[in-house]
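The values are calculated or read from the model by the stated rules, or taken from the named source; none is laboratory data. Everything numeric here is computed off the predicted structure, so don't read it as measured data. Cβ placement follows ideal geometry from the backbone for every residue including glycine, while neighbour counts extend to all protein chains displayed.
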């Protein structure tokens, strides 16, 4: 009979019957009862009432029964910590059993029971198991050290487990070595302080390489990842390590292959780039990468994302393997798009004909997304390979002739880029493009076509008619199209002023008077000012020669690429982002991996500069018209000088055009700029560029300081009474204390110490209290704080436990840190980064709060929050409601994004929060409450 019988419903009272069976004298009946209990637990039934009865079954020699009891214990020990202690003696006894399987099972289970009361009892058995004669027990114990470190790091360090773990790296059994490496890697990632004692050296590397050949596949991955963190002393050592790793490239497991490639890519940086050995390695790296592309689609995708990085770093590895990236009809779309991207990166003059033939074929597929990407790829080929540009343009024209709407629109978008790359070369096709003007309905295609018309207005006879046709529905156009149309008409006016003056006045009026888009209004006022005051400057600005676009616009910035190469075979290489951008809350010391300086090309000073180089900003995102958050890219900071519903004074009517007079300058003089109602200043003079402080009318000041509270009463402090608060001054955190001596004796020798806390706060200098403190006297002291101490999660997060010592006694008290003083001055995000982060954070992380009884308007709210390190990124008005988009950062580097909705006349504000660490939301809410009600 199968085990499914244990999941069937029992008609009798189950708990009562199971208790009777568990206490049966018959071993078979007892084993069956434990199986029923595990089955009930598996389907979600609460069988915790049977805890004592199941624990009694631990005293058995039956390995199957013992495993089941241990499984039950791991599940319920946390909810029954007092009962779980009953099992400790059995664990200790099992750790000395003659059967190594039972010894390993006991130490593994003790490591999985995350109960503080049991942790102390685990130490002695674990020490014995780490030195056990059986390798299976030792490898299990090695992993248990990492689990124990996660529960109580200080205990692991004090008991010497780290040294014992390091000794296991020299073990004779390869699986023990692999598990020791895995445990050490985990500890290094979660350790709040650097652990120098676990650094890898050349002696340990040799031991790891020896164990590599006999490990299981996942053991090999752990060892290879550890080796990748080691930087050899010289070229010879790098070659020696590479030779011993190269056989792993033929492994059947794709993770082992990618980990091996990661190590080899890093070591190649240390070798002479012109040596024959490098050429040999390049040839060896190609076949395993190609083999990965014959796996299932999911593995193909991961491999392709990694290959994308490798090709950007060393394109010669796969330069002769273009055909393997040709798309198959049954490839999933995500694989097709990645292959397409790599094809472009490998395209050169030798294979461009082959690639173009493929891309033209792809452009006739049924998958619309893939067709769009294929058409864009043709344009990228034209930009990358100049010799084939004409052939690419011809291919695009053939595709336009198909009259397939989305193909035509994508072709026009890429042809605009080709015009930018090769000016005055392919303008003969403009007439063909204009024939398709009526079919364009996508914003990017319409904007591209408008750009082409404006850029080559002097060559298009009816350019004014074409652009005027777009003005009829100007208000309904996407912001991208509106901006491009405004610029194109101004270009047309500067090139053909005699018959387009009415057209330019019309578009300037639409942009400045009838638009709610501040970006469009600002550009309109800038053009208006230039045309009315300085025609020469207008020509220089608007008709300036444009820089040619680069061949590869989507290459990853070199410093970031080097870091991602060090993370091949991890999620970072799939996301193409460094780990710290999507992994938070590990609590470990962030260590940025970089490639070693390439031999013969970089000085030590250059290496330092490379390591400290800033991360490349994320690519610009053009938001959709229906996206509220998307509009952030176009928002104004600070209150507008004029409400949206009001119009500036109308333009002064220009004098009749004198065709035989001064020409363009006289026409430009007829366009007057209103002196009021614009966003550029007053009296017709452009305002100077102001910082954010100038925009809001204030300079940065120290944050709000709450009143002092009684932290320690005289009764609890044996006569010492302490009042205190927290303050942020000049970018530093301070604990302000007032000591009252209410005892009969003099107090001296004051000292202070903090317990571990959520934000790593500790005194950055000794407590300075003027001494002696006489009876009935009071004295003030300010203690500067740093955030570099050990971290331990507190509940609530801003709880701080303090001990104050003097010559009388030691006093203990707890206090809550004012949440807003933990906000740092560098919490302001760039608008683009704000938008990207908002989109990246899942909607389940969003939470709303209501702040009641607020007697401030949007302008004063912005100022108060800015004073307390909550930066306003953007502001908009939607149907009379002010929306503030804000960012802030706590001292532990946790960033939070906020949306504050303010309804004029309503004292209740709505606060929406988004962060990758939702645990800090109560502190953010407290900060807003404090600032808006008291600051």
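Brief remarks follow.
- Just one of the listed residues (912, 907, 887, 927) is touching a residue at least 12 places away in the same chain (Cβ under 8 Å), in a helix (DSSP H, G or I) and either in contact with a strand residue (DSSP E or B) (Cβ under 7 Å, 6 or more places away or on another chain) or surrounded by fewer than 22 Cβ atoms within 10 Å (Cβ to Cβ) (or both), and it is 927.
- Residue within segment 825-833 that is under 23 Å from the mean Cα position of the chain (by Cα) and free of Cβ contacts under 8 Å to residues at least 12 places away in the same chain present: no
- Residue 797 meets the stated requirement of being under 30 Å from residue 927 (Cα atoms) and part of a loop (DSSP other than H, G, I, E, B).
- Subset of segment 738-751 [in a strand (DSSP E or B) and either out of contact with any strand residue (DSSP E or B) (no Cβ under 8 Å at 6 or more places or on another chain) or surrounded by fewer than 19 Cβ atoms within 10 Å (Cβ to Cβ) (or both)]: 738, 751
Quick grid of which residues meet (1) within 43 Å of the chain's Cα centre (by Cα); (2) in a helix (DSSP H, G or I); (3) modelled with pLDDT of 85 or more:
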{"residue": "467", "(1), (2), (3)": "yes, yes, yes"}
{"residue": "470", "(1), (2), (3)": "yes, yes, no"}
{"residue": "483", "(1), (2), (3)": "yes, yes, yes"}
{"residue": "489", "(1), (2), (3)": "yes, yes, yes"}
{"residue": "492", "(1), (2), (3)": "no, yes, yes"}
{"residue": "506", "(1), (2), (3)": "no, yes, yes"}
{"residue": "512", "(1), (2), (3)": "yes, yes, yes"}
{"residue": "516", "(1), (2), (3)": "yes, no, yes"}
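- Check on residue 105, touching a helix residue (DSSP H, G or I) at 6+ places or on another chain (Cβ under 7 Å) and farther than 20 Å from residue 120 by Cα: no
- The residues listed here are 484, 513; of these, the one that is under 26 Å from residue 459 (Cα atoms) and surrounded by 15 or more Cβ atoms within 10 Å (Cβ to Cβ) is 484.
- Residues being free of Cβ contacts under 8 Å to residues at least 60 places away in the same chain and buried (at least 21 other Cβ atoms within 10 Å of the Cβ) - total across segment 890-901: 3
Okay, residues lined up against (1) closer than 17 Å to residue 483 by Cα; (2) part of a helix (DSSP H, G or I); (3) in contact with a strand residue (DSSP E or B) (Cβ under 8 Å, 6 or more places away or on another chain):
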| position | (1), (2), (3) |
| --- | --- |
| 423 | no, no, no |
| 429 | no, yes, no |
| 438 | no, yes, no |
| 444 | yes, yes, no |
| 449 | yes, yes, no |
| 452 | yes, yes, no |
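- When each of 565, 549 is tested for being crowded, with 19+ Cβ neighbours inside 10 Å, in contact with a helix residue (DSSP H, G or I) (Cβ under 9 Å, 6 or more places away or on another chain) and either more than 23 Å from residue 482 (Cα to Cα) or modelled with pLDDT under 85 (or both), the lone residue that passes is 565.
- Exactly one residue out of 518, 535, 497, 547 is over 30 Å from residue 255 (Cβ atoms) and touching a strand residue (DSSP E or B) at 6+ places or on another chain (Cβ under 8 Å): that is 518.
- Within segment 44-63, at least one residue is buried (at least 16 other Cβ atoms within 10 Å of the Cβ), within 49 Å of the chain's Cα centre (by Cα), modelled with pLDDT under 80 and more than 22 Å from residue 106 (Cα to Cα).
- The helices (runs of 4 or more DSSP H) found entirely in segment 111-194 include none that carry 2 or more residues being in the same structural domain as residue 790 (by the TED database) and touching a helix residue (DSSP H, G or I) at 6+ places or on another chain (Cβ under 7 Å).
- Qualifying residue in segment 760-767 (condition: over 46 Å from the mean Cα position of the chain (by Cα) and either part of a strand (DSSP E or B) or surrounded by 13 or more Cβ atoms within 10 Å (Cβ to Cβ) (or both)): no
- From the list 796, 772, the lone residue that is modelled with pLDDT under 90, in contact with a strand residue (DSSP E or B) (Cβ under 9 Å, 6 or more places away or on another chain), closer than 26 Å to residue 931 by Cβ and not assigned by the TED database to the domain that holds residue 885 is 796.
- Test: residue in segment 872-882 that is more than 27 Å from residue 515 (Cα to Cα) and assigned to a loop (DSSP other than H, G, I, E, B): no
- The lone criterion from (1) outside any helix (DSSP H, G or I); (2) buried (at least 20 other Cβ atoms within 10 Å of the Cβ) left unmet by residue 366 is number (2).
- Residue match in segment 69-84 (condition: in a helix (DSSP H, G or I), buried (at least 17 other Cβ atoms within 10 Å of the Cβ) and at pLDDT below 75): yes
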